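Right, one structure below, let's go through it.
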Amino acid sequence: MPNVEKTPRQTVRVDKALWGKAGEMVGERNRGAAIRDFLRWLTHETDELPSRPPRPERQPEA
């Protein structure tokens, strides 16, 4: 269990479709890690931009 005092839960509003697509890209239980990695880059805690999963292949339209 995470240290609640060190890492309190934060609330953010995200469009449901975007949240679902993010889960498909990084895994349903890995969104938080992806967000934290981006925030570390954004706040200059690291200069390494988080890696991004490969673009999913588009399905041909019928």
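Using alpha carbons only, how many degrees (0 to 90, rounded to 10) separate the axis of helix 16-26 from the longest principal axis of the chain? With rounding to tens, the tilt is 80 degrees.
Answer with a single label: of [x] -0.48; [y] -0.61; [z] -0.44, which was calculated as log10 I(q)/I(0) by the Debye sum over Cα atoms at q = 0.13 Å⁻¹ from the structure in view? After the calculation, the listed value that fits is [x].
Between the helical axis of 31-42 and the dominant principal axis of the chain, each derived from Cα atoms, what acute angle in degrees is found, rounded to the nearest 10? Once rounded, one gets 70 degrees.
Loop-located trypsin sites (Lys or Arg not before Pro) in the chain (DSSP state other than H, G, I, E, B) with a sparse environment of at most 15 neighbouring Cβ atoms within 10 Å: Lys6, Arg9, Arg13, Arg29, Arg58.
Each value in this text was obtained by applying a stated rule to the coordinates, not by laboratory testing. Keep in mind that what you see is a predicted model, and the values were worked out from it rather than measured. Please note: Cβ atoms are built from the backbone with ideal geometry, for glycine as well, and neighbour counts cover all protein chains shown.
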